[in-house]
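Before any comments, here is the structure.
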Amino acid sequence: MIDYESDLNPEQRAVVMSDGGYILVIAGAGSGKTRTLTYRVARLIETGVRPENILLATFTNKAARSMLSRVAKLIDSNVEALWGGTFHHIGNRILRRHATLLGYQNNYTIMDDADSKHLLKSCMSDLGVSKNEKFPKVNLLSDIISLSLNTEKDIDEIVRGRFPFFFNYITDIIKISISYRIRKRELNVMDFDDLLINWRELLVNCPEIIESYSKKFLHILVDEYQDTNMIQAEILDLMASNHKNLVAVGDDSQSIYSFRGANFINILNFPEKYPHAKIYKLETNYRSTPEILNLANKSILNNENQFQKKLKAVRKRGARPVFVPLRDVYQQADFVAQHIIELAEEGISLGEIAVLYRAHYHSMELQMEFVKRGIPFEIRSGLRFFEQAHIKDVTSFLRLLVNPKDEVAWKRVLRLYRGIGDVTAERLWKFLSSKENSMGAIFSDEFLACATSKSVPGLNELRETLATISGLRKRSPETIINKIIEGSYRRFLKERYEESTSRVEDLKQLGSFSSQYDTLENFLSDMALMTTITEENETDYLRDNNHRVVLSSIHQAKGLEWAVVFMIWCSEGMIPLARALKEEGGEDEERRLFYVATTRAKDQMYFCHTLIAHSKGTRGRVLAPSRFIRELAPSYIDPEELPFDQWAVNER
């Protein structure tokens, strides 16, 4: 028998030992929710529920495997009959049995991302829009359709709200989405969204299916409920509609994925949806010191729409979080790098240190500083800054100004334009390389004669951009970069990427960074060195100090923990991110991001605030600390009652 009394704290035990019914578990950060779910499953089996009568929905298959492995060890028995996995995994298992009820065959194929975009491209071609240069490219079109499905909003609402520059093409986008849906059924294929959409359709239109699975799955448990979208919440509701045994575990204070379609309302309205639901709270935190939790608790109190809770530490007292005002991004990078070296000298493993930020481009100067100092690091928020496609695109233009014989740069730039693939790019390059003046040759009629007719409009755009920046050859790198953005490249990003705004922000940050260089040659030389570093560049002492410092966006850091956490760019406009405040509920979600970042730290937490803006249009402007910092330090509060210390860097 499992010793629940000694294995669980009273809060966890109350959940595990609860009778059936609708149960909402508000599981605070570091409160042992995985342990609670695992013991709940074990308890059900121990009391006579067969494993095959339990359904466990998680947001990663890895999480499901981990929980089921723990359950098997707890009860010392095989639990392979228990259904556990992601919503998509479970939906696929059910659809394999019943797809014929929806007009599919049970042997349907699941398309991966590349397959679905290939089919979408075919639908675009059939409708004759693929040749329209201003029509959204297939990557972006796929994002629009998927977002519409997962948020249950009409396509015109998605386009008007997020992609207004494609407003004139709404009718064609809708036609393509309809054609895409029909083609999938004709070809007996499903994409990942279909696994949810069709699962729900099966439950809504086939009452016998609900009855069948209600008898099979007598208990349904779901992890990370705050991250469910409306479709997933409805599926859970339908699956539990007969036996009404649904355990939803989540934390409303960590709901940060609305951009993916997650709906905060699902967890917030759970008690309204199920009036007789039992609500439990896990507030005992095993991760962080009392000082870190005190700051996190005070911060999240400023959100009105939430389940009130107060995280309580089991650990002994430690150091207070530290607020560090810094002159600019360069002093910020210097401070973080230097303090990490000092922490390493004190014996803290680099793998126990993380630097978190709201947007990927916030880490650029820090990456440069780490490279210069030989500090090993890994990026969790994407590629290293200078390895990103849009950064390489723009720097390829710059490389052509310095060296018009640069074959790699020419081919990359040429392929950016519609109608130019590898074959055409190779043919155009052979022409250019045969000329003494490659840059001048691009403006000749002979150059256009080497191209196909469909590539001519794109080449004219390229010529226009090159003519503009060639005249700026002696100007600052920042001026040239901004001209490239203002030209056709901004439109290129809008047509291809949902997150085009963040990519433009990356490029503006690149321009700001380049302003410290007098010449284009020096800037490109430094960039080349930054993108070709290897472990040999890393300081011997730090390389031997186990693992690497993690650089991560807050979104990517959720669910993880480190001994020491630095949060950079804690300035108004950076967190909360200015554009996020324009979204409904944006400030509350940004505050939840701040809360998530804070609760990743176990021992030490540093909030870095840059005083002087460094981006184009705001350079030299004094930045206020983030409102999430300011609201923790109202003017009337006694300094001794502040939830953080404040450092002056020159006093360290």
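The values are calculated or read from the model by the stated rules, or taken from the named source; none is laboratory data. Quantities reported herein were computed from a predicted structural model and do not represent experimental measurements. We place every Cβ from the backbone using ideal geometry, glycine too, and count neighbours over all the protein chains shown. Quick note on the areas: whole protein, heavy atoms, side chains included, nothing else; ligands and nucleic acids left out. Shrake-Rupley method; radii C 1.70, N 1.55, O 1.52, S 1.80 Å.
Per the Kirkwood definition applied to all pairs of different Cα atoms, how many angstroms is the hydrodynamic radius of region 245-337? Numbers along the way, then the final one.
Values: mean 1/r = 0.0609 Å⁻¹.
Roughly 16.4 Å, rounded to one decimal.
For residue 77, tell me the accessible area in Å² from a 1.4 Å probe, rounded to the nearest 10.
Accessible surface of residue 77 is approximately 60 Å².
Counting only C-alpha contacts under 8 Å and six or more residues apart, can you give the relative contact order of the chain as a whole percent?
Values: 1027 pairs, mean separation 116.7, N = 652.
Computed over the chain, the figure is 18 percent.
Inverting the mean 1/r over all pairs of different Cα atoms, compute the Kirkwood radius of the chain and quote it in Å. Numbers along the way, then the final one.
Working: mean 1/r = 0.0362 Å⁻¹.
Over the chain, the inverse of the mean reciprocal pair distance is 27.6 Å.
When the dipole is taken about the Cα centre of the chain, and only Lys, Arg (+1) and Asp, Glu (-1) are charged at their Cβ, what size is it in debye, to the nearest 20? The partial results should precede the final answer.
Values: 86 positive and 88 negative charges, 207 e Å.
So the magnitude is around 1000 debye.
Tally up the carbon and sulfur contribution to the accessible surface of the chain as a whole percent, 1.4 Å probe, everything protein left in place. Write down the numbers at each step before the final one.
Working: 13460 of 27970 Å².
Carbon plus sulfur share of accessible area: 48 percent.
Once amide H atoms are placed 1.01 Å from N in the peptide plane, what residues at a sequence separation of 5 or more from residue 285, or on another chain, have their amide H within under 5 Å of its amide H?
Those lying under 5 Å, H to H, from residue 285 are 312, 313, 314.
Amide H to amide H under 5 Å from residue 83: which residues, 5+ apart in sequence or cross-chain, H placed 1.01 Å off N in plane?
Under 5 Å from the amide H of residue 83: 54, 56.
For region 26-95, take the alpha-carbon Rg, divide it by the Kirkwood Rh, and send me Rg/Rh. Working shown, then result.
Working: Rg = 12.1 Å, Rh = 12.5 Å.
Here Rg/Rh amounts to 0.97.
Please arrange 301, 68 by accessible surface area, largest first, computed with a 1.4 Å probe and ligands excluded. Could you put the intermediate results ahead of the total?
Values: 301 105, 68 30 Å².
Ranking 301, 68 by accessible area, largest first, yields 301, 68.
May I have the count of lysine pairs in region 236-346 with C-alpha atoms under 25 Å apart, counting pairs 8 or more residues apart or located on different chains?
Within region 236-346, the lysine pair count is 18.
Explain nothing, just compute: Karplus ³J(HN,Hα) = 6.51 cos²θ - 1.76 cosθ + 1.60, θ = phi - 60°, for every residue of region 356-366 in order, whole Hz, x for Gly and Pro.
So the Karplus estimates, Gly and Pro as x, are 10, 7, 7, 10, 4, 5, 4, 8, 4, 4, 5 Hz.
So which lysines can residue 483 reach, going by Cα to Cα under 24 Å and dropping same-chain residues fewer than 8 places off?
134, 137, 392, 405, 411, 474, 494, 508, 616
Which sequence of 253, 241 reflects their accessible areas, 1.4 Å probe, from the largest down?
On the way: 253 0, 241 40 Å².
Order by accessible area, largest first: 241, 253.
Which far-off residues, 5 or more places away or on another chain, put their amide H under 5 Å from the one on residue 607, with H placed in the peptide plane?
322, 323, 324, 567
Each residue of region 549-565 in turn: what ³J(HN,Hα) in whole Hz from Karplus with 6.51, -1.76, 1.60 and θ = phi - 60°, glycine and Pro shown as x?
Each residue of region 549-565 in turn: 5, 9, 10, 8, 5, 5, 4, 6, 8, 4, x, 10, 8, 9, 5, 10, 10 Hz.
Once you have the Kirkwood Rh of region 154-232 from its Cα pairs, apply Stokes-Einstein at 4 °C and 1.567 mPa s and quote D in µm²/s. Intermediate values should be presented prior to the final figure.
Details: Rh = 15.6 Å.
Translational diffusion coefficient: 83 µm²/s.
What share of Cα pairs, in percent, lie more than 18 angstrom apart in region 1-129? Display every interim value, and only then the final one.
Details: 5338 of 8256 pairs.
Result: 65 percent of Cα pairs exceed 18 Å.
Mind jotting down the distance between the C-alpha centroids of region 390-440 and region 492-511, whole Å?
21
What does the charge count around residue 592 come to, taking other residues whose C-beta lies under 11 Å from its C-beta (Lys +1, Arg +1, Asp -1, Glu -1)? Please list the in-between numbers first.
Working: positive: 558, 591; negative: 251, 252, 587, 588, 589, 590.
Charge balance in the 11 Å sphere: -4.
Kirkwood Rh and Cα-based Rg: tell me the resulting Rg over Rh for region 9-50, rounded to two decimals.
0.96
Jot down the radius of gyration and Dmax of region 98-160, Cα atoms only, both in angstrom.
Over region 98-160's Cα set, Rg and Dmax evaluate to 14.1, 42 Å.
Just to confirm my numbers, what's the Cα centroid distance between region 1-64 and region 70-143 in Å?
Result: 29 Å between the Cα centres.
Report the semi-axes of the equivalent ellipsoid for region 317-407 in whole Å, largest first, where each axis is √(5λ) for an eigenvalue λ of the Cα gyration tensor. Intermediate values should be presented prior to the final figure.
Values: eigenvalues 209, 38, 33 Å².
For region 317-407, the semi-axes come out at 32, 14, 13 Å.
Please give the solvent-accessible surface of residue 372 in Å², to the nearest 10, using a probe radius of 1.4 Å with every protein chain present.
Here the accessible area works out near 120 Å².
Roughly how large, in nm² to one decimal, is the mean projection of the convex hull of the alpha-carbon atoms in region 340-474?
10.9
Hey, what do the phi angles of region 223-235 turn into as Karplus ³J(HN,Hα) couplings, whole Hz, using 6.51/-1.76/1.60 and θ = phi - 60°, x for Gly and Pro?
9, 6, 4, 5, 9, 6, 9, 5, 5, 5, 5, 5, 4
How big is D for region 271-426, in µm² s⁻¹ as a whole number, if Stokes-Einstein is applied with the Kirkwood radius of its Cα pairs at 25 °C and 0.890 mPa s? Display every interim value, and only then the final one.
Details: Rh = 20.8 Å.
Reported coefficient: 118 µm²/s.
What number, in nm² with one decimal, is the all-direction average of the projected area of the convex hull of the alpha-carbon atoms of region 296-354?
Numbers: hull surface 26.1 nm².
Mean projected area of the Cα convex hull: 6.5 nm².
How big is the antiparallel share of DSSP beta bridges in the chain, given as a percent to the nearest 5?
5
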